[in-house]
Amino acid sequence: MNCELCYTPAGETLFEDDRLRVLLVEEAGYPGFCRVIWKVHVKEMTDLAHEDRAHLLDWVMRTETALRDVMQPDKINLASLGNVVPHLHWHVIPRFADDAHFPSPIWAAPRRTGISHDQPGLAARLRAALGA
């Protein structure tokens, strides 16, 4: 198996426990883009026991809350696609009305040149907001 999320998840770790990790990933034009990655290789939420699903979704919500508190975005996008990498993970993406794609998904064609919402010390501020 050659799963990039099993072996080489790229990004800065904001939180990690024995079941999952929260990463701040580099996505051009989208500071604050986080992934919540389940450590064991499973494809779907229903592959998890109820308590594991609750734990994963709790951390998706904690990540959303931290992003809202730190960045004050206009919207948060949550996505669990797994079409390209069939390993359970959630994208938690702060969105701004003046980003390059808004209101479309970030994977759509850009609508404009976006405004940067990068912040100095973002990873440390998010880590603190997560209580990590």
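The values are calculated or read from the model by the stated rules, or taken from the named source; none is laboratory data. Given the structure is predicted, the values throughout are model-derived calculations rather than measurements. Here Cβ is always computed from backbone atoms with ideal geometry, including for glycine, and neighbour counts include all displayed protein chains.
Couple of notes before you dig in:
- Taking the conditions (1) over 23 Å from Leu130 (Cα atoms); (2) exposed (fewer than 14 other Cβ atoms within 10 Å of the Cβ); (3) of a type outside the set (Asp, Glu) in turn, Ala100 satisfies each one other than (2).
- Residue match in the stretch 32-45 (condition: on the phi < 0 side of the Ramachandran plot and small (Gly, Ala, Ser)): no
- Flag if Phe15 is of a type in the set (Phe, Trp, Tyr) and within 23 Å of Trp107 (Cα to Cα): no
- Of residues in the stretch 46-67 being touching a residue at least 24 places away in the same chain (Cβ under 8 Å) and surrounded by fewer than 15 Cβ atoms within 10 Å (Cβ to Cβ), the one nearest to the chain's Cα centre (by Cα): Thr65
- Here His41 fulfils each of the conditions (1) under 16 Å from Pro105 (Cα atoms); (2) more than 14 Å from the chain's Cα centre (by Cα) apart from (1).
- Taken over the stretch 5-25, the residue count meeting the criterion of being farther than 19 Å from Ala129 by Cα and surrounded by fewer than 13 Cβ atoms within 10 Å (Cβ to Cβ) is 4.
- The stretch 72-121: number of residues that are in contact with a helix residue (DSSP H, G or I) (Cβ under 8 Å, 6 or more places away or on another chain) and farther than 27 Å from Glu44 by Cβ: 3
- Among (1) acidic (Asp, Glu); (2) within 16 Å of Arg125 (Cα to Cα); (3) in a loop (DSSP other than H, G, I, E, B) - the single one Glu64 does not satisfy: (3)
- Checking each residue of the stretch 84-92 against the condition of being surrounded by fewer than 15 Cβ atoms within 10 Å (Cβ to Cβ) and of a type in the set (Phe, Trp, Tyr) gives no match.
- Test: residue in the stretch 108-122 that is farther than 20 Å from Leu23 by Cα, in a helix (DSSP H, G or I) and free of Cβ contacts under 8 Å to residues at least 12 places away in the same chain: no
To keep it simple, each residue is scored yes or no on (1) at pLDDT 95 or above; (2) part of a loop (DSSP other than H, G, I, E, B); (3) touching a Phe, Trp or Tyr at 6+ places or on another chain (Cβ under 8 Å).
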residue: Met1; (1), (2), (3): no, yes, no
residue: Ala10; (1), (2), (3): no, yes, no
residue: Leu14; (1), (2), (3): yes, no, no
residue: Ala28; (1), (2), (3): no, yes, no
residue: Gly32; (1), (2), (3): yes, yes, no
residue: Val36; (1), (2), (3): yes, no, yes
residue: Lys43; (1), (2), (3): no, yes, no
residue: Val60; (1), (2), (3): yes, no, yes
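- The stretch 90-116, residues that are under 16 Å from the mean Cα position of the chain (by Cα) and modelled with pLDDT under 95: Pro105, Ile106, Trp107
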